[in-house]
1. Quick check on my filter: what residues within the range 191-208 are under 12 Å from residue 85 (Cα atoms) and under 19 Å from the mean Cα position of the chain (by Cα)?
2. Taking residue 301 as the residue in question, decide whether it is outside any loop (DSSP other than H, G, I, E, B), under 25 Å from residue 166 (Cα atoms), at pLDDT 95 or above and of a type outside the set (S, T, N, Q).
3. What's the total number of residues in the range 335-344 that are closer than 14 Å to residue 66 by Cβ and either in contact with a strand residue (DSSP E or B) (Cβ under 7 Å, 6 or more places away or on another chain) or not in a helix (DSSP H, G or I) (or both)?
4. Against the condition modelled with pLDDT of 95 or more, in a helix (DSSP H, G or I) and more than 21 Å from residue 389 (Cβ to Cβ), how does residue 254 come out, does it pass?
5. Residues of the range 119-140 being within 15 Å of residue 241 (Cα to Cα) and surrounded by fewer than 16 Cβ atoms within 10 Å (Cβ to Cβ), which ones?
6. Scan (1) free of Cβ contacts under 8 Å to residues at least 60 places away in the same chain; (2) within 30 Å of residue 317 (Cβ to Cβ); (3) of a type in the set (A, V, I, L, M); (4) crowded, with 18+ Cβ neighbours inside 10 Å for the single condition residue 146 breaks and write down its number.
7. What are the residue pairs meeting all of these: first residue in the range 407-428, first residue free of Cβ contacts under 8 Å to residues at least 60 places away in the same chain and surrounded by fewer than 17 Cβ atoms within 10 Å (Cβ to Cβ), second residue part of a strand (DSSP E or B) and not aliphatic (A, V, I, L, M), Cβ atoms under 8 Å, and 6 or more apart or on different chains?
8. Hey, which of the helices (runs of 4 or more DSSP H) in the range 165-250, taking only ones fully inside, have at least 1 residues that are within 27 Å of residue 423 (Cβ to Cβ) and among the polar types (S, T, N, Q)?
Amino acid sequence: MTQTEASYHRAPGDAPAPPAGCPVNDFTPFAADYVADPYAVLDGLRDTPVFYSRELGYLVVTGMEDISEIFLDPAAFGSQNVQDPVFPLSATAHAVLSAPDFDPVAVMSNRQPPAHGRIRNHTKQGFSNRRMRILEPYIRGRSHDLVDAMMAAASPADFVARFAHPLPGETIFRFIGFPESDDEKLKGWCSDRLAFSWGNPSEAEQTDIAHKMLAYWRYCRSVVAAKVDDPGDDFASELLAVHKRDPAELTYREVESIVYGLSFAGHEIVSHFLSNALICLLSRRSQWRQICADATLIPAALEEVLRFESPQTSWRRVANTDTEVAGVKVPAGTNIFMSLAAANHQPDIFEEPGEFDIHRPNARNHISFGKGIHFCLGARLARLEAVVALEVLTERLPSMRLVEGQSLQRFANITFRGPKELLVAWDP
C-alpha cells in the first residue's frame, strides 16, 4: 500500500506511549458490552473525561467541549488518520493494495489544510440546492419502489436488505454519475469498507476487502476517464469541469479520489441512519404514531435519532504537535478517539439524555456530523434522504412494527453503529 503523506489509506504505525499522568484502562469499542450498548459503557466512564485506551492505543475524549475544541483546531489535531486501518495490515492485504495503480490521494475527511480548503470549496458545490432538487424526486420514487417490493414479498421483511441498504447506495451512485446497470457490483465492492478502516477483520477478510477496494478504485478511474469526453449532469462531471478550467485548482487524481471516497460516506452511514431511525421510532409507538399523523415532525425526530442513536459514534484525530487536552499533556503523534456518543448523551447538555424524545428542543445540538472545517459535507443529503424515506414509510406503512423477539446484531468497529438485519412487519 502506498505510504506517503498524501495517501488516502496509510498503514498504522506504532502508537506513542500513554501521555504522562493520564488514566489508563482497557476500554475498547470491540468489547461485546460496548457493541451491544455503548451508552451504558460510556456512562460508567463519565467521571474520567480523558483516558488512554491500552487496547486501542488511543487517547479517548468524551466531553462535548473538549471534542469541539479538537474539531476546531485542525493545526494541532490532524485528520490524516481517519481512513487508516485501526490495526496493522496483513502481508497479503498489503500486497494487494501495493498494486502500482492503487494510488488514491487524501482529499476531504483526511486531507490537511490548506489543501483541504481548496478541495472542499469545489466539492461542496456538488451539494447545491439544484442538485438536491434533482435528487429528491429520485429518492422519493425509489423509496416508493422499495416499499412496493417489500409489500409484494409480504411481511415480515429485513428492512436493511430491502430498504436501508439499497436506497442510499443507489442515491449516491446517481449523484456521482455511475450507471444504474452497475449498482449491484458497486454495492458488493463498497459494502465492506467499514471493516477495513474501522474494524478488526481477519487476514482472509482483510485480503478480500483489499481486492474489492482495488477493483472499485479501478472502476472509479474508468468512469472518470469516460466522463472527460462525455460529461453528464452529475457530480463527477462537475469536478472534471473544475479541473479542466484550472488543473492546479483541482487535480485529476483528486477528482478520481473524491469519487472513490464518496461512495462509502454516502452509503453505509446513511443505511445505518435509516435503520437506527426505525429502531428508535417503532419501539416507541406513540412517537411513531405522531410522525405518521404529522409529517412536519419528521425532521426534528431525525435530529433526535442523530443524538440518541447516531450512526457515527466516534471519530479520530492525531496530535500534530505536543499539545494538551483537558489538562492532559499529549505528545505529537498520539492518536485520539473522540467519543461522539458520550458527548451526545452528556447530561448537562441534554436533559435525561437516555430518553428518546422527538420533541427535544435542543436535539440539533448533537455533534454527530462533526464540527469546523471537516463538518460532514454530506449532512444535507443524508438528512434529505432520511426525511423523504420516513415520509414515504409513514404514509405507506403506518402499521409497520419491529418483529418481537429479534436480537439485533451490530458490526463490531470503532466508529459506526447500525444493525446487520432489522426485521419489520406490517398489517396486510
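The values are calculated or read from the model by the stated rules, or taken from the named source; none is laboratory data. Please read these numbers as outputs of a predicted model, since none were measured by experiment. Counting neighbours? That spans all protein chains shown, and the Cβs are built from the backbone with ideal geometry, glycine included.
1. 193, 194, 195, 196, 197, 198, 199, 200, 201, listed by residue number.
2. Considered against the rule, which asks whether it is outside any loop (DSSP other than H, G, I, E, B), under 25 Å from residue 166 (Cα atoms), at pLDDT 95 or above and of a type outside the set (S, T, N, Q), residue 301 comes out as yes.
3. Of the residues in the range 335-344, 5 are closer than 14 Å to residue 66 by Cβ and either in contact with a strand residue (DSSP E or B) (Cβ under 7 Å, 6 or more places away or on another chain) or not in a helix (DSSP H, G or I) (or both).
4. Yes: the conditions hold for residue 254.
5. 121, 124, 125
6. (2)
7. 409/419
8. In the range 165-250, 166-176 are the helices (runs of 4 or more DSSP H) which contain 1 or more residues that are within 27 Å of residue 423 (Cβ to Cβ) and among the polar types (S, T, N, Q).
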